Structures are given as C-alpha cells and as structure tokens.
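The block underneath contains the structure these notes are about, expressed in structure tokens.
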Amino acid sequence: MTQRELVIAALNHEETTTIPYHIDFTGQSLEQLIAYTGNRDIGEQLGVCMNYIQYWGWPSEIDGRPGYFRDEFGVVWNRNGADKDIGVVEKPQIEDLEECDYRFPVCDEARLRREYEELVAGKGDRFTMAGFGFCMFERSWSLMGMENVLMSMIICPEELERLYDQICDYFCGLVDIALEYDIDGVYFGDDWGQQKGLIMGPDHWRRFIKPRMGRLYERVKKKGKYIVQHSCGDCHEIFPDLIEIGLDCYQTFQPEIYDIEKMKDLYGGKLAFWGGVSTQQCLPFASPDGVRAEAVRIMKALRRDGGLIIAPTHALPFDVPPENILALLDVFRNQERYL
C-alpha cells in the first residue's frame with residue numbers, strides 16, 4: 001500500500017499490516033537533529049505518510065524588532081522567550097469587545113493559492129491536507145487575550161458570538177479556496193483542552209465553538225474530504241460532539257491525559273486517533289530503549305481495527321534528545337521487527 005492508502009485505511013478503520021506514522025518538528029528540534037546526524041535533508045527523508053501546510057496568518061518579522069513577528073490579523077508575537085516557533089502575544093487587538101471596531105484582514109489569496117499549488121505538486125504518494133491553525137478559540141484569544149475571552153463568555157456572550165461568527169466566516173472563505181485543490185482532507189488546529197478537562201468547559205464549548213466548527217466541517221464533508229482536528233489537552237467530554245459534526249480523526253492523543261485503551265473501546269469505531277507517543281513525558285526523559293518500548297506498547301494497544309496514525313503527541317520540542325527521535329523512527333520504519 002502507498003503511504004496515502006495506509007492513512008485512508010486508518011481513517012476508514014481498516015486494520016493494515018503497517019501502521020501509518022508521522023513526525024512533525026519544531027524548528028529547534030529539527031536543527032538539533034540535523035546537527036546530531038550531520039544530515040541537512042533528514043527532515044525530508046523520514047518517510048512520513050502525511051503532507052500538509054498550515055495557515056495561521058503568516059507571521060513575518062518586524063523591521064527593527066528582532067524576534068517580534070506580526071501576522072495578517074495584526075497580532076504581534078514575541079518569540080524571544082522559550083517558544084521560538086509561535087511566541088507570546090504582545091498586545092491584544094481587541095481591548096473592549098462591547099465597543100469593538102476591529103476589522104478582519106483581507107487574506108492574501110494569491111499567496112495562499114501558490115502554497116496549495118506547491119503542496120499538491122509535491123504530494124507524491126502521501127496523504128495531503130490543507131491546514132488551518134488558530135482557527136476559532138485560539139484566534140479569539142490571540143485577538144483579545146485568554147482571560148478576556150473566558151470572561152466574555154459570561155459577561156457579554158452575544159458580542160462574543162458575533163466575533164466567533166466573524167472568525168468562522170473568515171475561515172469558511174479560506175476552506176473554500178483549499179477545497180478547490182486536489183487534497184485528501186483538511187486539518188484544523190485549535191487548542192481547547194488543559195491537563196484535565198476543557199479550558200472553557202463543555203457547555204461554553206458547545207455554545208461558542210461547536211456550531212462554528214460544525215459549519216467548517218460541513219463544507220469539507222460536502223466535498224467528500226476527511227477532517228482532522230488538533231487540540232492539545234483533555235477533550236474527552238466532547239468526543240461525541242466531534243463525531244456528531246463529522247470529525248474523522250482527533251489529534252493529539254496524549255497517554256498521560258487519556259486512558260487510551262478505554263478511549264479506543266468507547267470511540268475507536270467512529271474516531272481515528274493520531275498521536276500516542278508522549279512529548280510531555282516519554283520522549284524528553286526516557287532512554288532510547290524506553291522510547292522503543294513505549295512506542296511498541298502504544299501501537300499494540302491501538303492498532304486493532306485500524307483507526308491509528310502513530311506519532312509523537314505534538315511537534316517535537318527542543319528538549320527531545322536526537323537519540324530518542326532516531327529510536328522512535330526505528331520502530332516506525334521497522335514495524336515488522338517490533339510488532
């Protein structure tokens with residue numbers, strides 16, 4: 001089977017001899033792996049099964065302010081701290097939601113289309129997706145601050161709903177553009193969970209987030225494409241909701257948060273899982289042999305009836321030793337030996 005066929009089989013809950021795998025990197029972790037191996041092309045040689053680009057506003061560095069990046073939405077991200085890939089919001093764009101005059105940007109459609117043309121041209125035999133990060137809750141808090149979003153759910157919910165409608169309208173337009181291209185699915189990135197439970201709680205998620213994600217999912221489903229949803233943290237309370245609105249695959253599946261075998265039993269027939277190997281505990285702190293053993297354990301626990309894309313639970317952070325990355329890759333590439 002091709003890499004694309006392996007992923008589609010997993011999403012369709014068909015068990016295969018080889019489990020599809022994927023590895024994403026932060027910039028820091030990839031540079032460390034390149035330095036360790038001496039191979040500048042190693043990121044392109046991993047044999048991963050998926051290929052996607054993720055739009056979240058194209059932050060570009062501000063002239064005269066090293067480490068500060070402004071995205072299309074006007075948000076300034078400070079990358080001078082520990083987080084070199086995304087950064088920390090410098091100042092909210094919306095300070096008073098009840099007196100809000102914020103105007104959404106006009107996306108650079110020509111640039112977006114160039115990216116999709118390059119994505120499709122280089123997809124090979126991999127499963128290919130258009131991705132949209134910071135697409136709902138994260139976009140709201142990047143514009144007005146986390147605390148203000150959460151307070152607005154109580155203090156001025158109607159105004160917040162209008163903001164979410166605007167965010168949804170914006171991304172609907174971008175999704176429509178993506179769906180004109182020969183892709184297999186759409187990936188949405190939006191962190192809703194914390195270590196235990198949802199940041200905003202299930203009731204607020206169902207009011208503010210669910211109907212807008214439902215609109216986005218519906219557009220993708222009408223084109224016969226697959227839907228992948230990324231959210232860090234504990235989202236088990238809304239797995240039935242996500243299935244209801246059409247989700248095919250949930251990413252990321254964190255073993256320190258979920259009883260993975262229980263979640264597989266409860267939802268594995270309707271929801272595929274992407275992840276499983278912890279970037280929070282296993283990969284930074286285990287030995288290479290410990291990484292191998294944990295990867296094998298996860299794969300054996302979740303492989304039945306398909307529905308698994310085995311992967312680190314997040315883009316590999318800077319604290320994962322290169323030796324552990326290579327140990328994980330060894331298991332992924334040589335499944336016949338380990339399984």
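The values are calculated or read from the model by the stated rules, or taken from the named source; none is laboratory data. Treat the numbers as computed from the prediction; the structure is a model and nothing was measured. Virtual Cβ from ideal backbone geometry, glycine too; neighbours counted across all protein chains shown. When the accessible area is computed, the model is the full protein with side chains, heavy atoms only, and any ligands, DNA or RNA have been set aside. Shrake-Rupley method; radii C 1.70, N 1.55, O 1.52, S 1.80 Å.
Within the set of pairs 6 or more residues apart or between chains, which connect a residue that is farther than 20 Å from Asp85 by Cα inside the stretch 305-318 to a residue that is of a type in the set (Val, Ile, Thr) with Cβ atoms less than 6 Å apart? Close Cβ pairs satisfying both conditions: Leu308/Ile19; Ile310/Ile19. When Phe127, Phe104, Phe132 are checked against the criterion of being touching a strand residue (DSSP E or B) at 6+ places or on another chain (Cβ under 7 Å) and more than 27 Å from Phe318 (Cβ to Cβ), Phe127 stands alone in meeting it.
Would you mind stating whether Glu61 is under 25 Å from Val120 (Cβ atoms), touching a strand residue (DSSP E or B) at 6+ places or on another chain (Cβ under 9 Å) and open to solvent by 70 Å² or more (accessible area, probe 1.4 Å)? The answer is no for Glu61.
Note on the stretch 237-246: residues that are surrounded by 19 or more Cβ atoms within 10 Å (Cβ to Cβ) and either hydroxyl-bearing (Ser, Thr, Tyr) or closer than 15 Å to Ile199 by Cα (or both) total 1. Checked against (1) within 26 Å of Thr17 (Cβ to Cβ); (2) surrounded by fewer than 20 Cβ atoms within 10 Å (Cβ to Cβ); (3) under 14 Å from the mean Cα position of the chain (by Cα), Gly233 passes all but a single condition, namely (1). Applying the condition of being in a helix (DSSP H, G or I) and within 19 Å of the chain's Cα centre (by Cα) to the stretch 171-197 and asking which residue is surrounded by the fewest Cβ atoms within 10 Å (Cβ to Cβ) yields Cys172. Please count how many residues of the stretch 21-56 are part of a loop (DSSP other than H, G, I, E, B) and open to solvent by less than 60 Å² (accessible area, probe 1.4 Å). Going through the stretch 21-56 one residue at a time, the tally reaches 10. If only residues of the stretch 287-326 that are farther than 17 Å from Ala9 by Cα and among the acidic types (Asp, Glu) are counted, the one that is least open to solvent (accessible area, probe 1.4 Å) is Glu294. Among residues of the stretch 208-222 being open to solvent by 10 Å² or more (accessible area, probe 1.4 Å) and touching a strand residue (DSSP E or B) at 6+ places or on another chain (Cβ under 9 Å), the one that is farthest from His13 (Cα to Cα) is Arg219.
Restricting attention to the stretch 43-64, the residues being on the phi < 0 side of the Ramachandran plot and touching a residue at least 12 places away in the same chain (Cβ under 8 Å) number 13. Within the stretch 252-264, is there a residue that is buried (at least 17 other Cβ atoms within 10 Å of the Cβ), without any contact (Cβ under 8 Å) to a residue 40 or more places away in the chain and assigned to a helix (DSSP H, G or I)? Scanning the stretch 252-264 turns up at least one residue that is buried (at least 17 other Cβ atoms within 10 Å of the Cβ), without any contact (Cβ under 8 Å) to a residue 40 or more places away in the chain and assigned to a helix (DSSP H, G or I). Of all residues in the stretch 115-146, exactly one satisfies the criterion of being over 23 Å from Pro59 (Cα atoms) and without any contact (Cβ under 8 Å) to a residue 60 or more places away in the chain, namely Ala121.
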